[in-house]
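Some notes on the structure that comes next.
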Amino acid sequence: MKKIAILGSTGSIGTQTLEVARENGDIEITGLAAGSNIALLEKQIREFTPKLAAVWSEEKAQGLRMRVADTNTEIVSGMDGLLEVSTLGDTEILVTAVVGMIGIRPTIEAIKAGKDIALANKETLVTAGHIIMPLAGEKRVSILPVDSEHSAIFQSLQGNEPKAVHKILLTASGGPFRGKKEEELMEIRVEDALKHPNWSMGQKITIDSSTMVNKGLEVIEAKWLFGVDVDHVQVVVQPQSIIHSMVEYVDGAVMAQLGTPDMKLPIQYALYYPQRRYLPGERLDFLSLGKLDFEKPDMDTFYGLKLAYEAGRAGGSLPTVFNAANELAVRMFLNREIKFLEIVEIIEDCMKAHQNIENPSLQQILDVETATYDRIRSRR
């Protein structure tokens, strides 16, 4: 039995990870952590019987303890609870599917405890890649990408020397507003931005896809995962989301991973790597597909992607500013406090105001996050 714990078990990646566990039948769930969806977490506890389950609020944890008092699952809360789930003794793989920088500390502690990481929390590497990757190397821990694009790159690298890589071709669907110009985006509503053409995802990542900030985060994540600089990562818009990403080698060969838009494939690949297993579901039919389209990303209209390249080149604490400003701005947009175009305006303002720290410690990263939030709130 493969033993895994999941941070973010009630979200899109978390629930699909549990589907993979259910379908395979040889995965033991040792721990679960969720934010506030107590009803779903209770169902997961009853089905998968983890030793430990964490929720962020102690008040909600108290309620959950009462609801699952007839089980053997211990309920914990807060950051301490996340850290407990992340470092459970018999866990082999920690799936980090929480949204945002909250995932940094649990990931670091899990690596220190010798756990392999199935990484779906891109913010961890964006802000702390200079800490995470050397630590993983020191502890001989594998960082296995779960994002569909980074999984595709990882798969396309198999059997080849890293030094033979010329560049990474990171594909993007273009989101729901592909082809639109700034004047067409001025009155975009939350409901419009949440209508992704190809993928069913959580709210935050769906908004990030609509601004193309998500692709910018993925560019910086690729830098750390695959040991390249951001200028060797080229974003290519592939509207059908069939080619999930590609690697071009020094001899001109291009390796690509293709498939239907199904997150269970990269999840299962990460959990069982290097083994491939049967995965039920729709198969890619090239005859009915007919063609694949490719476009250059519009980095003038969707200039959040351009800002991501700037942050990735600069390194230091600037990617933390980029990420933190986006996190709060997206939250404000979802709460209808700001307009759609203000998301990237806020990111740019915070980046321009920041004094970059070259090699920030974890505490400095968290302090920069707080300072960025304070600046955004002071604008109002």
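When the test is whether a residue is surrounded by fewer than 24 Cβ atoms within 10 Å (Cβ to Cβ), among the β-branched types (V, I, T) and modelled with pLDDT of 90 or more, I188 passes it. When L83, L88 are screened for being buried (at least 16 other Cβ atoms within 10 Å of the Cβ), within 28 Å of Y272 (Cβ to Cβ), more than 21 Å from the chain's Cα centre (by Cα) and not polar (S, T, N, Q), only L88 passes.
Considering every residue within the range 338-356, establish whether at least one is in contact (Cβ under 8 Å) with a residue 40 or more places away in the chain, open to solvent by 30 Å² or more (accessible area, probe 1.4 Å), in a loop (DSSP other than H, G, I, E, B) and closer than 29 Å to V190 by Cβ. There is at least one residue in the range 338-356 that is in contact (Cβ under 8 Å) with a residue 40 or more places away in the chain, open to solvent by 30 Å² or more (accessible area, probe 1.4 Å), in a loop (DSSP other than H, G, I, E, B) and closer than 29 Å to V190 by Cβ. Can you spot a residue in the range 286-303 that is modelled with pLDDT of 95 or more, among the hydroxyl-bearing types (S, T, Y) and within 18 Å of the chain's Cα centre (by Cα)? No - not one qualifying residue is present in the range 286-303. Of the residues making up the range 92-106, those that are in contact (Cβ under 8 Å) with a residue 40 or more places away in the chain and either open to solvent by 10 Å² or more (accessible area, probe 1.4 Å) or of a type in the set (A, V, I, L, M) (or both) number 10.
Under the condition of being open to solvent by 70 Å² or more (accessible area, probe 1.4 Å) and in contact (Cβ under 8 Å) with a residue 40 or more places away in the chain, the residues counted in the range 270-294 number 4. For beta carbons closer than 7 Å, sequence separation of 6+ or different chains, a first residue in the range 244-269 that is among the basic types (K, R) and a second that is open to solvent by less than 40 Å² (accessible area, probe 1.4 Å), the qualifying pairs are K264/Q16; K264/V20; K264/L279. Scanning the range 357-370 for residues that are in a helix (DSSP H, G or I) and crowded, with 19+ Cβ neighbours inside 10 Å gives I365, V368, E369.
Taking only pairs six or more apart or across chains, which ones have beta-carbon atoms under 8 Å, a first residue in the range 55-79 that is within 12 Å of G35 (Cβ to Cβ), and a second residue that is outside any helix (DSSP H, G or I) and open to solvent by 80 Å² or more (accessible area, probe 1.4 Å)? Listed by first residue and then by second, the contacts come to S77/W56; G78/W56. Candidates D147, D116: the one that is open to solvent by 10 Å² or more (accessible area, probe 1.4 Å), under 20 Å from A33 (Cα atoms) and modelled with pLDDT under 95 is D147.
Tell me, please, whether a residue that is over 20 Å from the mean Cα position of the chain (by Cα), of a type outside the set (A, V, I, L, M, F, W, C) and either farther than 25 Å from M186 by Cβ or open to solvent by less than 10 Å² (accessible area, probe 1.4 Å) (or both) can be found in the range 321-328. No - not one qualifying residue is present in the range 321-328. Do we find that F322 is part of a helix (DSSP H, G or I), within 30 Å of K180 (Cβ to Cβ) and in contact (Cβ under 8 Å) with a residue 12 or more places away in the chain in this structure? So F322 passes the test.
Would you check which residues across the range 23-58 are aliphatic (A, V, I, L, M) and open to solvent by 40 Å² or more (accessible area, probe 1.4 Å) and list them? Write out each step before concluding.
We begin by selecting, within the range 23-58, every residue aliphatic (A, V, I, L, M); these are 27, 29, 32-34, 38-41, 45, 52-55.
Listed by number, the residues that qualify are A39, L40.
The number of residues in the range 143-192 being assigned to a helix (DSSP H, G or I) and either over 20 Å from the mean Cα position of the chain (by Cα) or over 22 Å from F302 (Cβ atoms) (or both) comes to 15. D262 meets all of the listed conditions (1) over 19 Å from A120 (Cβ atoms); (2) modelled with pLDDT under 95; (3) under 19 Å from the mean Cα position of the chain (by Cα) but one, namely (1).
Scanning the range 119-140 for residues that are within 21 Å of L318 (Cβ to Cβ) and open to solvent by 40 Å² or more (accessible area, probe 1.4 Å) turns up H130, I131, M133, P134.
The values are calculated or read from the model by the stated rules, or taken from the named source; none is laboratory data. What you see is a predicted model, and the numbers here were worked out from it, not measured in a lab. Methodologically, a virtual Cβ is constructed for each residue, glycine included, from the backbone with ideal geometry; neighbour enumeration extends over all protein chains shown. Heavy atoms of the whole protein, side chains included, go into the accessibility calculation; ligands, DNA and RNA do not. Shrake-Rupley method; radii C 1.70, N 1.55, O 1.52, S 1.80 Å.
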